[in-house]
Structures are given as C-alpha cells and as structure tokens.
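Below is one structure, written out as structure tokens, with a few remarks after it.
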Amino acid sequence: MDKERKYIFGPVPSRRLGLSLGVDIVPYKVCTLDCVYCQVGETTELTIERKEYVEVETVLAQLKKRLADSVKADYITISGSGEPTLNSKLGQIIEQIKKITDIPVAVLTNGTLLTDPAVRQDCAKADVVLPSLDAADEQAFEKVNHPHKNLNAQSLIDGLCKFREQFSGQIWLEVFLVEDLNTDTEQIAKIAEAIKRIRPDKVQLNTAVRPTSQKDVKRIDKQKLEAIAAQLGQSCEIIADFSSAQPPRHAPKQDQQMQTSEIDLDAVLSMLERRPCSLDDICSGLNIAKDQALHYIDQLQKQGVIGSAEKDGTTFFLADH
Ligand code: SF4
C-alpha cells in the first residue's frame, strides 16, 4: 500500500451532508477533547495549541486529483480524525478549496476553540459550520467530553454565541446524547437554554448508534430522543440512524469488475480510518456494488489493517490504528 498520508477520504454518506468528501487536516486523534462516544478512537494528543500540522500544498494537490476523478459530492467537509480547528492554516485551506471548486465547504468542529477570534474568522470562510454542544455545565462536560484542562462549558457556549453574531452562513449544532451522562431533565433544560442563546439554524440530535471509543457508551432510545427533540424546538431534528440497513444512495454500476487496485483499497481504508462504516456505508459512499465492497474488505482484513465491531445488530468495519 502507498505509505503517503491520505488527506482526502470518501465520499462518505452522511445524514447531515449527503455525500461528503472529507479533508482531514490534523493527525490521528489530535483533539481538544476525548469524548466517550468518539468513533475514531481515544485521543492520543489532548491539546489546545494550534499548529500547521499538514502541508497545505499536499492537501490541495490530493484534493485536486480526487476532484479530477469526477467524484460526486454534496459537500467538501473539513473533518477527519481529530479537531480540524487545531490546524492554524484552516482559513487558508478553505480559501484555496473555494478557488478550485464550487462544491460548498463545511467544517465539522467540536466548537471548543471558537473562543479564539482567529478560529472564528477561519470558520466564517466556510458555507456551513457544524459545531457540537453535548453539555451545558461543567460536570456533564467533564463526563461526556473529557476536555483539555483549560477548557470549560461556559466558554464553549460563549464562543458559539460570538460566532453566531459574526457568521451569516448556516450553523447546524449537533447534540450527542449518551444515556446516563447528559440526558437527565435538568441537563436537557440547560442545553435548551444555551441553544436559545446560540441561535443555530438547526439542532441535530445524535446518539451512539455506531461503535464508540469507550465500550460502555449507551445510546438513548428512539422515543426518548423524540421527546427531547420536541422539547428543543422546531429547528431540532434527529440524525441518529436507528435502521441497520440503508439502501445505497446511488445504484451500483453494472459493469464494475472484481479487481483490486491500490487506489480502490486505499479509498476504502481511508474511509475506515476516519469512521466505522457498515457495508452499505462503503457501497453508497464509493458507489460500488456489495460484492465488490466485500472483496475489498476481505483484502484489507487479510492484510490485517482493518477489523470489525458489532453495534446493536449491525456490523461496522474500522481501521486498526
Ligand atoms: S468526537 Fe470529535 S471532538 Fe470528540 S474526541 Fe472524537 S474527534 Fe475529538
């Protein structure tokens, strides 16, 4: 396999963004938080220090190459295997992406660094920003997000409010609910209060339907999630996918042959390095038939670079880090 680091992954089918072509601009699990529900793995470097981290030119060259393959994507999403706002060149990267494509740019962030005016300025260059807010007091923040010692929930909320004041694009706020950690009535009331102050365009509720870094993370049941969604107002929707089988969004090509090329294996592996994916996720993200996806999974398993995990009856494949 090609050992050069791959910064571009997917497209990944996303309930929030349709087909999302990912751009990963921080190394594996460099993050300001170590959330119990993280799907990528445990944080290896807990930091709030912004750095260049990756070579901007290399990221852009890889993106240009991927776009030249006439890849279909609804969004180019700055996200990946850590917190992207830790990259001090974020603003420059978004500006350069906008010069090479008309596909809208989204930033998936945990929102913790929006207290910094430079981070707000960088994120404001995107079309859509998708921050998170899982807790509205320090105890719940500690329990769910295991933050860096210099972070706190109140500053996070203040940063989100300031960002709303200066950003006219879309803000879709994700609230990830973990049963027994941030789902009691008092905590939900506090989160509702914070949402009123932040004024996001949408609130999107999620829970642990995929494998998580900590094994005992409990998802909240659908009925309870619906009740909380009703409580959080009209702009609130549920994005957790409780169905175990989603049909591929694009019909598989009929003329595909069962060939194994480095590029195809790399594309599957790059997806699985950032998020656990079901067979259907792989098929719809890469627009390939099930038997072809299974062939690639088999190859990657034989190489010992991926494994699998069961979550509520669905098998997810994920890279071994
Ligand atoms: S879920 Fe996001 S913010 Fe939380 S630890 Fe994982 S990468 Fe960091």
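Details
- DSSP bridge pairs, the chain: antiparallel proportion in percent, nearest 5: 30
- For the range 8-238, size of Cβ-based charge dipole, Lys and Arg +1, Asp and Glu -1, in debye: 580
- Taking 12 Å as the cut-off, the amide N atoms of the range 271-315 that come nearer than this to a point 7 Å along the Cα-to-beta-carbon line of Gln62 belong to 271, 273-274.
- Choice from Ile282, Ile103, Ile171 with maximal GNM fluctuation in the chain (Cα, 10 Å cutoff): Ile103
- Direction-averaged projected area, Cα convex hull, the range 85-165: 5.4 nm², rounded to one decimal.
- Debye log10 I(q)/I(0) at q = 0.15, 0.16 Å⁻¹ for the chain, Cα point scatterers: -1.30, -1.48
- Positive end of the dipole of the chain (Cβ unit charges, origin at the Cα centre): among Asn145, Met271, Cys35, the Cα lying farthest that way belongs to Met271.
- Phi angles across the range 301-310 convert, under the Karplus curve 6.51 cos²θ - 1.76 cosθ + 1.60 with θ = phi - 60°, into 3J(HN,Hα) values of 5, 5, 6, x, 9, 10, x, 9, 9, 8 Hz, Gly and Pro given as x.
- On Cα atoms only, tilt of 185-198 relative to the major axis of the chain in degrees: 80
- Only Lys, Arg, Asp and Glu carry charge here, each on its Cβ (+1 for the first two, -1 for the last two); on that basis the range 134-220 has a dipole of about 300 debye about its Cα centre.
- Computed per residue of the chain from DSSP H runs no shorter than four, each worth -39500 (n - 2.57), the mean residue ellipticity at 222 nm is -10500 deg cm²/dmol.
- In degrees, nearest ten, helix 90-100 long axis to first principal axis of the chain (Cα): 50
- In degrees, nearest ten, helix 222-231 long axis to first principal axis of the chain (Cα): 50
- Whether the range 11-141 is rounded, prolate or oblate, judged on the alpha carbon gyration tensor where a/c under 1.5 counts as rounded: prolate
- Dipole axis of the chain (+1 Lys, Arg; -1 Asp, Glu on Cβ), positive-most option in Leu63, Ile97, Ile8: Ile97
- Value of relative contact order over the chain, rounded to a whole percent, pairs C-alpha under 8 Å and six or more apart: 17
- Protection proxy ranking of 224-232, 13-21, 116-124 - average other beta-carbon atoms within 10 Å, highest first: 13-21, 116-124, 224-232
- Scoring 177-188, 79-90 by mean Cβ neighbours within 10 Å over their residues and listing the highest first yields 79-90, 177-188.
- The range 149-191 and the range 39-62: distance between their alpha carbon centers, rounded to Å: 23
- Summarising the amide proton neighbourhood of Gln204: residues at separation of 5 or more, or on other chains, whose placed amide H is nearer than 5 Å comprise Leu173, Glu174, Val175, Glu237.
- Projected label distance in nm at Gln214 and Glu49, using a 7 Å step from Cα toward the beta-carbon: 2.7
Bear in mind these aren't lab numbers, they're just calculated from the coordinates by the rules spelled out. These numbers come from a predicted model, not from an experiment. Neighbour counts are summed over all protein chains in view; Cβ atoms, including those assigned to glycine, are modelled from backbone coordinates with ideal geometry.
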